[in-house]
Amino acid sequence: MQYDNITDSYNPDSSNALLTGNEAIASGAYKAGVHIAAGYPGTPSSEILPFLAKFKSAIVNWSINEKTALEIAIGASIGFKRSMFTTKHVGLNVASDPLMTLAITGVRGGLVIVTADDPGMHSSQNEQDNRMYAKFAKIPMLEPSDSGECFNFTAAAFEISERFDTPVILRTTTRISHSGSIVSNPAIPGGAGIFKPGRSYAKDIEKFVMVPVYARNRHKSAIKRLKYLTDFSNNSGINKIEYNSLDFGIITSGISYQYAKEIAPYASFLKLSFSYPVPDILIKEFAGNVKNVVIIEELEPFVQNEISSLGINLKGKEYFSRDGELTPDSVELGLAEAGFLTAPEWRSRHKYIKRVFDDPGNIFETLPPRLPALCSGCPHTAVFYALKKLKVPVMGDIGCYTLGALPPLGAMDSCISMGLAFGAAQGLSLTKSSSKKTAGIMGDSTFFHSGITSLIDAKYNNISFTAIILDNATTAMTGGQDHPGTGKNLSLNQSVSSKIDIKKIIEGMGISEIYTIDPYDYNETFKVLKKALESENLNAVIANRPCVLYPQKLDCGKKFEVLEGCLGCDLCMQTGCPSILASRSSGPSGDKRIPFIDASCIGCSICKDICIFNFIGEIKK
C-alpha cells in the first residue's frame, strides 16, 4: 500500500523564515487549520501557544492543568474540529488518564499531542522519555529533528490523526524546541489557515462512551490500527534511508540525527521520524545492506528495544548514555568506543572528551560554583527565610520557589510533582514524626493546577497543617503566563475575564483560619507564619506580592546600602538575595567580610527588616 508524502502538502507560500522549533510547531498547526489549542505552560514547550495566539485565528488558551487541556482538545475533536494539546514531558503524566482511553476511542477532528521532553533536566524534576507513551497507548509518534520538520510534521500529524482515527504524539526535546533553523514556506501571522468545512455534531455512543461492552471492541480496533500504521511508517516517506558508506550505518532520530550527521557525514543513515510504530521493512533493509550499524538515541533504548523485537540485535546504549543530553562530543566519544572512529586523531580526541566530560570533578575544579537563586526582591524570599528561622518541616512543590530549598535558605524539604505539597503535608502530619506542625507551600498557578483538591481532602479528613500559597499573580517559572487568578488568557485579544479569588476558594472549603500577608513586610510575615504554625487548626497563609519580573520588571523606587559600622554578622547574606554580595573588606573582628548591596537592588526592604543591628539603610536621593 503506497501513501502520498503528507509532509509536502503544506507549502503554498514562497518565503523562508528562521523559527525555533516551538514557533514552527505553532506555525504548522495554524497552517493545518487547528481550531482549538490548549495546554499548561512548562519548559521547554511554553512558547508554542503564545506564538499560535499571534495568528488570531484559533482559540488558544492556557488551561488550569494538563488533564483539563487534553480534555478540551478531546471535546473539540469530538465536535469535528482539529485540536492540539501542548505540554512538557511530566505534564503528559497528568493528562495520561484521558490519553489512555482516547487512544482507543479515536478521534473525529485531528488531535495532536505535543510533548516536549527535557533530557538533562534543564528545568524539570525528571528526564522521563515520553516515547514510551506512544507504545503504551498504541498511538503513532513523530519526532522532528529541526524546525522545518517541526512545521511539516505538525501539519502532517493532523492528517495522520484523521486518516487513522487516532491521536498523534509529536515529540520534541529541549534542543529542538528552543533551537532556530530555517523553515521553508511557513505560515505567518495574518495569513490564511486551512480550515475544513464544519460538520454538525452527531452522537456515536459506541465510539466515545467507554463502558466495558464498547471499550473491548475499541481496544481491538486500536490493536488492528497498529498494523496499518506500521505499513504507513514503512511507505509514507517520513522515515528515510540515506545510503553513503555501506561499512558504517547509524539508526537515529530527533536531535541525535543532527549530532551524528555532524560527526559522521559519510555514514549511511536510517532516520526515524515516524518513530512509532517502527518501520520494520526499512529497518530490515538497512541492517541487511549496511555492514556495521549502531543506534544513537537520547535517554531510554526505545528504538533499540523495538528493533530487538524484530529479531535484529544492534548495539546502542552500550556506547551512549541512558541519562542526560547527547552532545556532538558525547556522540563522537560513543562512536569511537564503538570502533567506528579509529584514526589516531580520533583516539586523541577521545581521550580529551573522556577527561573533560566524564569527570565532573575536573569541571568543578576549574569553574566557580554558582547555585541558582531567587531574583533580587523576590517576594518568596521573606517567606522562606521566616520558615528557616521557625525550623518546621516544609513540603514543597514545583515552581521557581523551589529555589527556596537551596542554600543559604534551605527551607523546603520536598519537590516531587505539581500539587504534591498539600497532600504530602497531610501525609507527613499523619505520621506525627515531627514535633512541629508541618507546612505545605506552593505558588498560585500550582494551587489552581492541582493544589485545590488536596487541600479539600485535608479539610474533609480533618488533618492539621499550614497551607502557604505564594501568590505572585503569574506563572513565573515558565515565563510569566496567565492563570485563573490573573483574569487573563491567550484567546484572540487576550481579554480580561473574572479573576478567581484564592481566598474565597479556601473559604468555600470551610477553612476559616486564613491569613493574608505582604511578604515585603518581613516582621509581619514572620509573626503571622509563627502564629499559623503554632495553631492546631488546618489553616492557610496567602502571601500577596507580584512577581518582580512579570508582567514587567519591578522597581520599588528605592535603593539600600550597608551602613558604616556593620559587623559582618552575615544575616542579610542568609536571604540569598543576589543583590547582596560579600566585599573584600573585613569587619572589626577581622574574620568576617562586610557585605555590600549592588545596583541590582529593587528596594524591597526585606534585608533592612532582617538586619537586627540597623546597619542597612535607604540611600537618600
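Of all residues in segment 476-491, how many are small (Gly, Ala, Ser) and free of Cβ contacts under 8 Å to residues at least 60 places away in the same chain? Reasoning before the result, please.
Quick first cut of segment 476-491, residues small (Gly, Ala, Ser) only: 476, 479-480, 485, 487, 491.
After this cut, where a residue has to be free of Cβ contacts under 8 Å to residues at least 60 places away in the same chain as well, the list is 485, 487.
The number of residues fulfilling the criteria is 2.
Is it the case that Gly451 is assigned to a helix (DSSP H, G or I) and either surrounded by 22 or more Cβ atoms within 10 Å (Cβ to Cβ) or not aliphatic (A, V, I, L, M) (or both)? It would help to see each step written out before you state the result.
Working: assigned to a helix (DSSP H, G or I): yes; either surrounded by 22 or more Cβ atoms within 10 Å (Cβ to Cβ) or not aliphatic (A, V, I, L, M) (or both): yes.
So Gly451 fits the description; yes.
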message: Taking the criterion of being surrounded by fewer than 24 Cβ atoms within 10 Å (Cβ to Cβ) and small (Gly, Ala, Ser), would at least one residue in segment 367-384 satisfy it?
response: yes
- prompt: Is there a residue in segment 267-288 that is over 24 Å from Gly180 (Cα atoms), modelled with pLDDT under 95 and not small (Gly, Ala, Ser)?
  reply: no
message: So, Leu406, is that one surrounded by fewer than 19 Cβ atoms within 10 Å (Cβ to Cβ), assigned by TED's automatic domain parsing to the domain that holds His449, at pLDDT 80 or above and not β-branched (Val, Ile, Thr) or not?
response: yes
Subset of segment 1-34 (residues that are of a type in the set (Gly, Ala, Ser), modelled with pLDDT of 50 or more and closer than 26 Å to Tyr228 by Cα): Gly28, Ala29, Ala32, Gly33
message: Can you tell me which of (1) without any contact (Cβ under 8 Å) to a residue 24 or more places away in the chain; (2) buried (at least 17 other Cβ atoms within 10 Å of the Cβ) is the one Lys220 doesn't meet?
response: (2)
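Residues being of a type in the set (Lys, Arg) and under 23 Å from Glu337 (Cβ atoms): count how many of those fall in segment 261-286.
Just the residues of segment 261-286 that are of a type in the set (Lys, Arg), to begin with: 261, 271, 284.
Now restrict to residues that are under 23 Å from Glu337 (Cβ atoms): 261, 271.
Qualifying residue count for the region: 2.
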query: From Tyr520, Tyr515, Tyr550, which residue is aromatic (Phe, Trp, Tyr) and not assigned by TED's automatic domain parsing to the domain that holds Met412?
result: Tyr550
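Rundown of residues vs (1) buried (at least 18 other Cβ atoms within 10 Å of the Cβ); (2) part of a loop (DSSP other than H, G, I, E, B), yes/no style:
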{"residue": "Thr446", "(1), (2)": "yes, no"}
{"residue": "Asp457", "(1), (2)": "no, no"}
{"residue": "Leu470", "(1), (2)": "yes, no"}
{"residue": "Lys503", "(1), (2)": "no, no"}
{"residue": "Glu507", "(1), (2)": "no, no"}
{"residue": "Ser512", "(1), (2)": "no, yes"}
{"residue": "Asn523", "(1), (2)": "no, no"}
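Among Leu272, Leu282, which is among the aliphatic types (A, V, I, L, M) and under 20 Å from Tyr133 (Cα atoms)? So that I can check it myself, show each step before the final result.
Details: Leu282 fails: under 20 Å from Tyr133 (Cα atoms).
Result of the check over Leu272, Leu282: Leu272.
Can Leu102 be described as assigned by TED's automatic domain parsing to the domain that holds Asn126 and either within 19 Å of Ala32 (Cα to Cα) or over 20 Å from the mean Cα position of the chain (by Cα) (or both)?
Numbers: assigned by TED's automatic domain parsing to the domain that holds Asn126: yes; either within 19 Å of Ala32 (Cα to Cα) or over 20 Å from the mean Cα position of the chain (by Cα) (or both): yes.
Here the answer is yes, as Leu102 does meet what is asked.
Which one is farthest from Ile606 (Cα to Cα), of the residues in segment 385-429 that are of a type in the set (Gly, Ala, Ser) and in a loop (DSSP other than H, G, I, E, B)? If you could, list the steps in order and put the result at the bottom.
Residues of segment 385-429 of a type in the set (Gly, Ala, Ser): 386, 396, 399, 404-405, 410-411, 414, 417, 419, 421, 423-425, 427, 429.
This time we only want the ones that are in a loop (DSSP other than H, G, I, E, B), so: 396, 399, 410-411, 414, 417, 419.
Values: Gly396: 22, Gly399: 21, Gly410: 18, Ala411: 17, Ser414: 25, Ser417: 30, Gly419: 28 Å.
That would be Ser417.
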query: Restricting to helices (runs of 4 or more DSSP H) lying wholly in segment 48-145: which have 3 or more residues that are out of contact with any strand residue (DSSP E or B) (no Cβ under 8 Å at 6 or more places or on another chain) and of a type in the set (Val, Ile, Thr)?
result: 96-105
query: Can you name the condition, by its number, that Asp501 falls short on among (1) at pLDDT below 90; (2) acidic (Asp, Glu); (3) more than 21 Å from Ser45 (Cα to Cα)?
result: (1)
query: Going by the structure shown, is Ala405 touching a Ser or Thr at 6+ places or on another chain (Cβ under 9 Å) and closer than 12 Å to Phe384 by Cα?
result: yes
message: Against the condition aliphatic (A, V, I, L, M), at pLDDT 95 or above and under 19 Å from Leu229 (Cα atoms), how does Ile296 come out, does it pass?
response: no
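The values are calculated or read from the model by the stated rules, or taken from the named source; none is laboratory data. Because the structure is a prediction, the values reported are computed rather than measured. Heads up, the Cβs are rebuilt from the backbone with ideal geometry, glycines too, and the neighbour counts pull from every protein chain shown.
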